[in-house]
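**Q** Please find one structure pasted underneath; my questions will follow.
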Amino acid sequence: MKKANVTRKELAEAVADKLGYPLSVCGNVVDCFFDTLKGSMLGGTSIKLVHFGTFSVREKNPRKGRNPRTGETITIEERQIVSFRPSKKLRARINEPR
Amino acid sequence: MNKSELIEALAQDIGLPHREAAAITNTVIDTMTEALARGESIEIRGFGSFVIKHYGSYEGRNPKTGKKIKVSPKKLPFFKVGKDLREQVNTGR
């Protein structure tokens, strides 16, 4: 059986339920929330959400890699990646016996 | 930035009072936390996804003392960045 998956839709429904906004605007509200998060990361600012975790942008140095199929050596360019570190509280919450 | 700065930025972005932006932020984060606690995954188009990985128990070592210890089974959340965000963040330089 496939595990349930939470998407923009479920988050919008939660916002509508709890805060009483019409559901029709909640999709946009949820989009705005993630756009604000994205905006901060694109500006190079990491975001620390207490009891959830930290989103940050990290620099990766260039390194030599190999095409596993052809064995060709290639250079992996310097790049920026997003990383998420869950908070202690979130990790504890996930491991709580239910 | 921390949560209150995020709330402030969100309030400005959508033109809502601080108090409402705070309620939205808390609701979204709480809903995600609850979903992860139930072992569900989260998938937000253009942003990324969260999945729970299950680890069985294994023998670990205290790196300082070298002592063997038994690590109990655990679950950890992982975030995988979405394609849009990954490409936008990677400015190359």
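The values are calculated or read from the model by the stated rules, or taken from the named source; none is laboratory data. No experiment lies behind these values; they were computed from the predicted model shown. With ideal geometry, Cβ positions are generated from the backbone for all residues, glycine too; neighbour counts draw on all protein chains shown.
Condition check ((1) at pLDDT 95 or above; (2) more than 9 Å from chain B (Cβ to nearest Cβ)) across all residues:
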site: A:Leu11; (1), (2): yes, no
site: A:Asp17; (1), (2): yes, no
site: A:Val30; (1), (2): yes, no
site: A:Phe34; (1), (2): yes, no
site: A:Thr54; (1), (2): yes, yes
site: A:Lys64; (1), (2): no, yes
site: A:Asn67; (1), (2): no, yes
site: A:Glu72; (1), (2): no, yes
site: A:Glu96; (1), (2): no, no
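**Q** Going by what's in this entry, would B:Ala22 be described as more than 9 Å from chain A (Cβ to nearest Cβ), in contact with a Pro (Cβ under 9 Å, 6 or more places away or on another chain) and closer than 17 Å to A:Phe34 by Cα?
**A** So B:Ala22 fails the test.
**Q** Residues that are modelled with pLDDT of 95 or more, of a type in the set (Phe, Trp, Tyr) and either part of a helix (DSSP H, G or I) or surrounded by fewer than 15 Cβ atoms within 10 Å (Cβ to Cβ) (or both): does segment B:72-90 have at least one?
**A** Yes: segment B:72-90 contains one or more residues that are modelled with pLDDT of 95 or more, of a type in the set (Phe, Trp, Tyr) and either part of a helix (DSSP H, G or I) or surrounded by fewer than 15 Cβ atoms within 10 Å (Cβ to Cβ) (or both).
**Q** Still on this structure, please answer the following. Looking at B:Ile44, is it surrounded by 13 or more Cβ atoms within 10 Å (Cβ to Cβ) and modelled with pLDDT of 95 or more?
**A** The answer is yes for B:Ile44.
**Q** Which residue out of A:Arg58, A:Arg66, A:Arg85, A:Arg8 is under 26 Å from B:Gly39 (Cα atoms), charged (D, E, K, R) and in contact with a Ser or Thr (Cβ under 7 Å, 6 or more places away or on another chain)?
**A** Of the residues listed, the single one that is under 26 Å from B:Gly39 (Cα atoms), charged (D, E, K, R) and in contact with a Ser or Thr (Cβ under 7 Å, 6 or more places away or on another chain) is A:Arg85.
**Q** OK, next. Considering only residues of segment B:25-60 that are aliphatic (A, V, I, L, M) and over 14 Å from A:Asp31 (Cβ atoms), which is farthest from the other protein chains (Cβ to nearest Cβ)?
**A** Looking at residues that are aliphatic (A, V, I, L, M) and over 14 Å from A:Asp31 (Cβ atoms), I get B:Val51.
**Q** Could you check segment B:10-32 and list, in sequence order, the residues that are surrounded by fewer than 19 Cβ atoms within 10 Å (Cβ to Cβ) and either at pLDDT 95 or above or in a helix (DSSP H, G or I) (or both)?
**A** Residues satisfying the conditions are B:Gln12, B:Asp13, B:Ile14, B:Pro17, B:His18, B:Arg19, B:Glu20, B:Ala22, B:Ala23, B:Asn26, B:Asp30.
**Q** Taking segment B:1-32, which residues are of a type in the set (S, T, N, Q) and in contact with a Cys (Cβ under 8 Å, 6 or more places away or on another chain)?
**A** If the condition is that a residue be of a type in the set (S, T, N, Q) and in contact with a Cys (Cβ under 8 Å, 6 or more places away or on another chain), then no residue fits.
**Q** What pairs come out if I take residues in segment B:63-83 that are farther than 23 Å from A:Lys89 by Cα and pair them with residues that are surrounded by 13 or more Cβ atoms within 10 Å (Cβ to Cβ) whose C-beta lies under 6 Å away, six or more apart or interchain?
**A** If the second residue must be surrounded by 13 or more Cβ atoms within 10 Å (Cβ to Cβ), the pairs left are B:Gly82/B:Gly46; B:Gly82/B:Phe47; B:Gly82/B:Gly48.
**Q** Could we say that A:Leu90 is in contact with a helix residue (DSSP H, G or I) (Cβ under 9 Å, 6 or more places away or on another chain), crowded, with 18+ Cβ neighbours inside 10 Å and of a type outside the set (Ser, Thr, Tyr) here?
**A** It is true that A:Leu90 is in contact with a helix residue (DSSP H, G or I) (Cβ under 9 Å, 6 or more places away or on another chain), crowded, with 18+ Cβ neighbours inside 10 Å and of a type outside the set (Ser, Thr, Tyr).
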